[in-house]
1. Within segment 192-206, what residues put their amide N at less than 12 Å from the label point 7 Å along the Cα-to-Cβ vector of residue 108?
2. Is it possible to state the helix-based mean residue ellipticity at 222 nm for the chain, with each DSSP H run of 4+ residues giving -39500 (n - 2.57), the sum divided by total residues, to the nearest 500 deg cm²/dmol? What is it?
3. Out of all DSSP beta bridges with both ends in segment 58-199, state the antiparallel percent to the nearest 5.
4. Using a 1.4 Å probe on the protein chains only, how many percent of the accessible area of the chain belongs to carbon and sulfur?
5. What accessible surface, in Å², does a 1.4 Å probe find on residue 272, ignoring ligands, DNA and RNA and rounding to the nearest 10?
6. Counting alpha carbon pairs within less than 8 Å and at least 6 residues apart, what relative contact order, in whole percent, applies to the chain?
7. Which order, highest average first, do 98-105, 115-122 follow once you tally other Cβ atoms within 10 Å for each residue and take the mean per peptide?
8. Where in the chain are the helices, taken as whole DSSP H runs, whose Cα atoms extend 18 angstrom or more along the long axis and whose Kyte-Doolittle mean reaches at least 1.6?
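The values are calculated or read from the model by the stated rules, or taken from the named source; none is laboratory data. Since the structure is predicted, the reported quantities are computational estimates derived from the model, not experimental observations. Cβ: placed from backbone, ideal geometry, glycine included. Neighbour counts: every protein chain shown. Remember, those area values only see protein heavy atoms, side chains included, never the ligands or the DNA or RNA. Shrake-Rupley method; radii C 1.70, N 1.55, O 1.52, S 1.80 Å.
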Amino acid sequence: MSYDKDLSIVISLYNEEESLPELIEWIEKVMAQEGYKYEIIMVDDGSRDSSWKTVKELSAKNPAIRGISFRRNYGKSAALYHGFAAAEGRVVVTMDADLQDSPEEIPEMYRMVVEEGYDIVSGWKKQRFDNKLTKNLPSKLYNATARLVTGIKLHDMNCGLKAYRNEVVKNIEVYGEMHRYIPYLAKNSGFDRITEKPVQHQKRKYGVSKFGIERFINGVLDLISLWFLSTFGKKPMHFFGFTGILMFLTGGILAIWIIAEKLIQQSKGLAFRPVTEQPLFYLALVAVLLGFQLFLSGFICEMISRNSNERNNYKIKEEF
């Protein structure tokens with residue numbers, strides 16, 4: 001497929017009016033040096049300051065700048081979703097608007113996608129200038145968990161500076177707060193040529209970070225959800241049915257064993273403990289009921305899955 005532009009640079013921004021002119025000047029300098037045909041797609045995620053006004057002013061000076069403005073703050077995933085939909089370049093680069101991502105990294109990332117054939121090149125901030133206690137340590141734990149669950153060996157899954165083949169961003173759906181796991185979404189869609197490149201991390205020059213410590217907690221929850229959906233999304237009975245049968249059989253066997261033991265002792269005239277006075281019996285009944293409910297949940301999920309419009313949505317690489 002041929003593209004009119006070499007690069008689409010997608011920038012999600014929220015209350016970054018001070019950094020935008022400097023960022024655009026920096027990007028334009030790099031683009032001019034490399035001679036790229038490019039576009040800059042700036043998505044204003046409901047900023048409360050003059051960010052959107054600044055985007056308009058910058059676009060008036062440079063026609064390569066396109067703008068999208070949300071009526072309210074929806075989050076980075078929503079911004080990237082619309083930015084990806086609008087992107088027309090052969091390679092799509094995402095970066096943050098806070099000047100912590102260096103545009104000078106873009107040419108090498110572009111080369112790795114175009115010449116080396118990678119689907120995604122993810123930035124790796126080896127040396128960070130964030131607070132070590134509130135960001136660096138949680139980030140390392142978060143990334144270690146992400147590597148374990150996804151099987152993708154990236155040191156910095158959440159780095160905003162990434163380069164993608166255009167085909168990748170057109171075949172994934174970024175929603176909720178899943179922007180952290182775009183490489184995992186891409187892998188599940190069949191784009192598994194993923195690598196990373198160490199990139200320079202800058203100190204924040206203006207404003208304050210828009211993300212708090214809660215993003216790491218939410219990130220782990222999102223990771224669990226994404227893993228479950230990618231593994232059992234089209235076959236929920238494999239999870240609920242198996243778990244339900246296991247609990248049902250375990251509870252049933254325990255209940256039968258408790259009752260049988262009581263009857264055997266009673267038949268031999270030995271002292272016995274009434275079944276209803278044994279806590280294990282009630283735990284066994286709970287396991288039977290939960291197992292039955294999980295099994296029924298599997299049936300319901302299967303019916304929903306079979307009637308879903310996405311049930312036969314498979315990614316085709318090529319056909320003739």
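1. Under cut-off, by backbone N: 196-201.
2. Taken over the chain, the calculation gives -15500 deg cm²/dmol.
3. Beta bridges within segment 58-199, antiparallel portion: roughly 60 percent.
4. Of the solvent-accessible surface of the chain, carbon and sulfur hold 57 percent.
5. Counting only protein heavy atoms, residue 272 exposes about 80 Å² to solvent.
6. Answer for the chain is 17 percent.
7. 98-105, 115-122
8. What comes out of the filter, once short or polar helices are dropped, is 279-306.
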